[in-house]
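Novice: Structure incoming, see below.
The values are calculated or read from the model by the stated rules, or taken from the named source; none is laboratory data. The structure presented is a predicted model; accordingly, all values stated were derived computationally and were not measured. Neighbour counts are summed over all protein chains in view; Cβ atoms, including those assigned to glycine, are modelled from backbone coordinates with ideal geometry. SASA here: full protein model, heavy atoms, side chains in, ligands and nucleic acids out. Shrake-Rupley method; radii C 1.70, N 1.55, O 1.52, S 1.80 Å.
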Amino acid sequence: MNRTFGSLRNRNFRVFFIGQAVSQIGTWLQLIAQALLVLDLTDSGISLGLVTACQFAPILVLGSWAGVVVDRVDKRRLMLITQTSMMLSALALGVLVITDNATVELIYLLAALTGLGNTFDNPARRVLVTELVPEADMANAMSLTSSLMTGARVIAPSIAALLIGTVGIGWCFIANSVSFMAVLIGLNQIDLSQLRPVERAVRAKGQVREGWRYVWADPDLRLVIVMMAVVATFSYNWNVLLPLMAERTFSGNESTYALITTVFGIGSLFGSLAVARRGPVDPEFLARCSLSFGVASMLIALAPNPLVAALTGAVAGGFGLAFLVGTTTCLQLRAQPIMRGRVMALYTVLLFGSTPFGGPLMGWLAELVGVRQTIGIGASAALLSGLIGLIVFRRRPEPESSSLRSSPLAS
């Protein structure tokens, strides 16, 4: 237990973690409600993919530059701005739905504004974690932070179902808006004297290109980033595919979607906590997770009913989150501190910025060839990514040194 939650000994990380835990539940309430709202308004998988694309398009366009900003500025102050902007976007959407003035176009717009805030917030949040804890606790703190979204996925569907069934879908967005207050309070409760800030990058030309070159020059970072790109684009579009599977493949309703999402989230939570307990990981571990994720995703595609889909989803969620959390940990620990903002921004671009391509593509494929077949395509991509990653990692020459080996965390 101490190995899994050891970083919570640090007060600064503890108050940050609690605030994030509350806010991530609100985030999932909005994601679930947004998907159901768009389906209710349009009954279109393509529209569902488009709203997801709008939310993550700003990351694709501005993500690399956001990493430069994160490396230059105070991460805590930046988060105070981004969290406030996303809180206001959620509030606006909730008011529109409650007053019966929501249209698909307005949902697209507010999704894009939320995505703009998240473009800067995501890398800032991930890098701030490294300033809240000693170096020995960094891997554990990163993994626990990544597990929050997973834990929220377990809790949020039940809350969403309760809110939708009693007061209406608009209150899911209002609840998300209120949940941002927990983060703002947590950020203001951080003891600044106990922070471990790293050297900030000085403003200069070519810093975006410098970040890309830095990642590409390191064989391990390059391999991790390529695997991440493939899985994120083709294999991790569950926000689009699970609602379609629940509604069309199984002729279900909100409860069917909630069941599959909840059990998927439980498996994901176990996967993220397993990485938190394990600590630092290497590309070989990530390749194995990608392979296992691909196999489990293929089983979801073949599931005969919602219960089997949920159970196989738990396995897919476990290995999928182990891959995502392990990728975050691996990249941050292998990157130089002054480059972490740009490295994590590139990670964010690939994880979320690929969605403007992957989301509509998977929605279109689901309309064209079917939901099961589309999930199978994503599963095949994860299998291929893991197989190639394993081959490349085992064949590459042993490096003389790396940032991980030079770190005390490598021992």
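Novice: Compute for the chain: radius of gyration divided by Kirkwood radius, i.e. Rg/Rh, restricted to C-alpha atoms, rounded to two decimals.
Specialist: Value, to two decimals: 0.95.
Novice: Could you run the Debye sum over the Cα atoms of the stretch 82-135, one equal point scatterer each and no solvent, and tell me log10 of I(q)/I(0) at q = 0.14, 0.16, 0.23, 0.24 Å⁻¹, two decimals?
Specialist: Debye curve over Cα of the stretch 82-135, log10 I(q)/I(0) at q = 0.14, 0.16, 0.23, 0.24 Å⁻¹: -0.46, -0.55, -0.83, -0.87.
Novice: Follow-up question, since we're still on this one. Return the distance in nm (one decimal) between the two label points of a simple spin-label model at E284 and R72, each offset 7 Å from Cα along Cα→Cβ.
Specialist: So the label points at E284 and R72 sit 4.1 nm apart.
Novice: Which residue, T42, C54, F16, has the largest displacement toward the positive end of the dipole of the stretch 1-122 when charges sit on each Cβ (Lys, Arg +1; Asp, Glu -1)?
Specialist: Positive-end residue among those listed: F16.
Novice: From largest accessible area down, sort K205, K75; use a 1.4 Å probe on the protein chains.
Specialist: K205, K75
Novice: Now, a different point. Return the sequence-ordered ³J(HN,Hα) values of the stretch 114-121 in whole Hz as given by the Karplus equation 6.51 cos²θ - 1.76 cosθ + 1.60 applied to θ = phi - 60°, using x for Gly and Pro.
Specialist: 4, x, 4, x, 5, 4, 8, 5
Novice: Shifting gears a bit: Need one number: nm distance between label points at S44 and K205, each 7 Å from Cα along Cα→Cβ, rounded to one decimal.
Specialist: Spacing of the two 7 Å Cα→Cβ label points: 4.5 nm.
Novice: Normalised by the empirical 2.2 N^0.38 Å for globular proteins, what value does the Cα Rg of the stretch 135-243 take?
Specialist: Values: Rg = 19.8 Å, N = 109, 2.2 N^0.38 = 13.1 Å.
This ratio for the stretch 135-243 stands at 1.51.
Novice: With a 1.4 Å probe and all protein chains in place, put R9, R396 in order of accessible area, largest first.
Specialist: R9, R396
Novice: Stretched out fully, how many nm does the piece from R394 to E135 gain, at 0.36 nm a residue minus the Cα gap? Can you show the working numbers first?
Specialist: Values: separation 259, 0.36 × 259 = 93.24 nm, distance 2.85 nm.
Between R394 and E135, full extension yields an extra 90.4 nm.
Novice: Excluding ligands, DNA and RNA, what is the solvent-accessible area per residue of the chain at a probe of 1.4 Å, expressed in Å²?
Specialist: Using a 1.4 Å probe on heavy atoms only, each residue of the chain averages 40 Å².
Novice: Taking the Cα-to-Cβ direction at I338 and at V61 and moving 7 Å from each Cα, how far apart do the two end points lie in nm?
Specialist: With each label placed 7 Å out from Cα toward Cβ, I get 3.2 nm.
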